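Engineer: This is the structure I want to talk about, given as structure tokens.
No lab work stands behind these numbers, since they all come straight from the coordinates. Quick caveat: nothing in here was measured; it's all calculated off a predicted structure. Every residue, glycine among them, receives a Cβ derived from its backbone with ideal geometry; neighbour counts consider all protein chains shown.
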Amino acid sequence: MLRALKEFKIGQPQVFAGLLLSAFLLQCLWASSTRTFSELEYQYIASGHRLAADRQGSGRQAPGNQTSGEQGLGEQNTVTSPLTGVVANLPLRLLAVLRRWMAAPATSTTLGTGAAAASMPQAFAIPPTWLVRLPFITFGLWLGAALWWVARRLFGDSGGYVALALYCFSPAMVMVSSIVGPEIVLAWSGFGMIYTAIGVAHTVYASPRKWAPRILLLGVSIGICISTALWAFSFVLLSAIFMMYLAPQRRRGAVLLVLSTSIAIGLAILGFFAWMTGSFGAGHGRLVAPHFTWALLRNLSFPFADSYALPMILVPALTIYGSWPRARYFGNTAPLVASFASVLLFTLVPAIYLWYATLGLSFVFLFIGGIAADVLETRFRPVAAWLLAAAVTLKAIFCLILMHRWGHQNTV
């Protein structure tokens, strides 16, 4: 077994998880390189320039991504997201620096070498689509790695493998990781916020000297969330509920202290991105005003957004959870509650045009991984293992078919 870091070991579980994440990366690169930019993606990239934002006022509306419209909104709408514009513009800024550096006159080179160096910036004049979308692919990989790490800590290797396999062959998660848009950033930061908050709730039992790293991590998660969509502050309330549930009565004051410090860090991060883009992420009151609609009930079917293979796995998992007392514990209940709550909380604000399903899918994968780990510890392990393998294989086939169709939808 190789030791990469002092406390991190690379063994069979890490290698297998790496292979699954590599499959996810290849799908994202394939989808992002075959699908042309939508007009909304171009506007998101432009919103990363502070001068462009200043010209249109501090309440500038950055666009929502094309996927949201394709998944049922039926129209091109907008969403304010300071961080998305900054992340989308990052590759172009780096390429601009690289072009200037390569185009600089070379005083110590030969004429032939200087001419070759001068011609190289032309290759970066029009960057490939996958390169511009690479930051969002990176967020997708981070979310997959976080999902596996949490699932493995909670449910062991088997639960981690199931949760990660469902994620890596999720057409919905591949889609939002392969375009310029806020969904994957929100999914990553929201998942991280919830489980960092749960970890912090356990940390308050320890000495306050051990609080600092997790407070900082929770604050960064909050900052990224609310900088992507201001209404994501509702995730903070959900995190607070979990923290209060886990903390004993005498420790709830410590929880409030930790949470308030993390919120202060998050607001500082929001201020930084607002300074960069000229927008705080809320152009008008409708972006932060909840409104009850029939969409609340309609979005309860969000697992169907990830192809029909996921409900075929989720329904048996819910049946086992409801009928088997052993499966009803906090490790399984928390992701189940968080999955539907995260979708419903954002459905309350119709002015935020996002693909809501992708905010809850990672929690669904974690829930299924927990149920699968419980079943695999019983005498039904052989049958359950074969059924899970068949379901994941079917899901992978659906994913490849849907990715092929989606990748060529807007190509000329």
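Engineer: Counting pairwise Cα distances across region 129-407, what percent come out greater than 29 angstrom? All intermediate terms of the calculation are to be shown ahead of the outcome.
Structural biologist: Working: 12958 of 38781 pairs.
Above the 29 Å cut-off, region 129-407 has 33 percent of its Cα pairs.
Engineer: Please sort by residue number the trypsin sites (Lys or Arg not before Pro) in region 288-361 whose DSSP state is loop and whose Cβ has at most 15 other Cβ atoms within 10 Å. Let's see the in-between values first.
Structural biologist: On the way: sites: Arg298, Arg326, Arg328; in loops: Arg328.
Here the trypsin sites (Lys or Arg not before Pro) that fit, given the DSSP loop and packing criteria, are Arg328.
Engineer: If you don't mind, another one. Using a simple spin-label model with points 7 Å from Cα along the Cα→Cβ vector, what separation in nm is obtained for Trp149 and Met312?
Structural biologist: The two pseudo-label positions are separated by 3.3 nm.
Engineer: Specify which residue in the list Thr347, Leu318, Ala206 is farthest towards the positive end of the charge dipole of region 129-407, using unit charges on the beta carbon of Lys, Arg (+1) and Asp, Glu (-1), about the Cα centre.
Structural biologist: Most positive-ward Cα: Ala206.
Engineer: Ranked highest first by average number of other Cβ atoms within 10 Å, how do 29-39, 269-279 line up? Write down the numbers at each step before the final one.
Structural biologist: On the way: 29-39: 17.7, 269-279: 19.5.
Going by the mean number of other Cβ atoms within 10 Å, highest first, we get 269-279, 29-39.
Engineer: What do you get for Rg/Rh over region 118-261 if you use C-alpha atoms and the Kirkwood form of Rh?
Structural biologist: Values: Rg = 18.4 Å, Rh = 16.9 Å.
Using Cα coordinates only, the ratio equals 1.09.
Engineer: From the P(r) of region 303-412, can you give the percent of Cα pairs sitting at distances over 20 Å?
Structural biologist: Of all Cα-Cα distances in region 303-412, 49 percent exceed 20 Å.
Engineer: Let me ask something additional. Show me the ranking of peptides 88-100, 186-198, 16-28 by mean Cβ neighbours inside 10 Å, starting with the highest. Mind dumping the intermediate values first?
Structural biologist: Details: 88-100: 15.6, 186-198: 26.1, 16-28: 18.2.
So the order, starting with the most tightly packed, is 186-198, 16-28, 88-100.
Engineer: How far, in nm, would the chain grow between Val97 and Tyr245 when pulled straight, counting 0.36 nm per residue and subtracting the alpha carbon separation?
Structural biologist: Details: separation 148, 0.36 × 148 = 53.28 nm, distance 4.92 nm.
Additional length available on full extension: 48.4 nm.
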